[in-house]
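Asker: This structure is in structure tokens; I'll ask about it shortly.
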Amino acid sequence: MYLLVGPRGLFAFTPLTAVAAYGFVVMWRSRGPLRRLTLAIGAPSIVFFFSIVFLQLNDEHARNFAERRYVDLFFVLYVALGPALTSIRSTLGAIVVRVAVAASVATAALGTLAPFAGNPGESGFAFAAAAFAELWRRAPVQGVLDVMLLLALVAVVLSIVEPALDSAPRNSHIP
């Protein structure tokens, strides 16, 4: 479970994967071709997930983030983002998705700064933040550019997500 929800886990560093999981639920409920697609993507992905989890049961001493182990699946898993985004019905749900998107982009950017984590048990966020602080100290112009480009990237990605979120009717009482 450490690789999924631990301090360097998949869902901690890529919350957009949880949105994709919700998308698969939506696809499964729709029946027909989407249900078959869910099964075609879901079955091998689940086998892959569990093989990683059980073969590396207690990987607290690894220096890499868990999302690196699952990166091969991201492109296939994110097929479910479309159905997930268009099925969000509440304002709160839309906000949660926006936060998940922004957090996933930001943590991916941190991963480019500090692709491998620090000491066992050390939070990946703390390690990456310290790496960014060191970069800021050594090269403040690059640090400013990194922050500006990160904000621009988050804005671009959110602008791509917005039309799908806006296409679903909102009802603040229905999750």
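Asker: If Val99 satisfies all but one of (1) hydrophobic (A, V, I, L, M, F, W, C); (2) over 17 Å from the mean Cα position of the chain (by Cα); (3) modelled with pLDDT of 85 or more, what's the number of the condition it fails?
Answerer: Against the list (1) hydrophobic (A, V, I, L, M, F, W, C); (2) over 17 Å from the mean Cα position of the chain (by Cα); (3) modelled with pLDDT of 85 or more, Val99 comes up short only on (2).
Asker: Looking only at region 73-82, decide whether some residue is surrounded by fewer than 17 Cβ atoms within 10 Å (Cβ to Cβ) and modelled with pLDDT under 80.
Answerer: No.
Asker: Cβ contacts < 7 Å: first residue free of Cβ contacts under 8 Å to residues at least 40 places away in the same chain, restricted to region 143-157; second residue aliphatic (A, V, I, L, M) and part of a helix (DSSP H, G or I), any location; separation 6+ or different chain. Result?
Answerer: Partner pairs satisfying both residue conditions: Gly143/Leu135.
Asker: Right, here's the next one. Report whether or not Ala20 is touching a helix residue (DSSP H, G or I) at 6+ places or on another chain (Cβ under 9 Å), modelled with pLDDT under 90 and closer than 26 Å to Pro163 by Cα.
Answerer: No: the conditions fail for Ala20.
The values are calculated or read from the model by the stated rules, or taken from the named source; none is laboratory data. Please read all numbers here as calculations on a predicted model, not as lab measurements. So basically every Cβ, Gly included, is an ideal-geometry build from the backbone, and we count neighbours across all protein chains shown.
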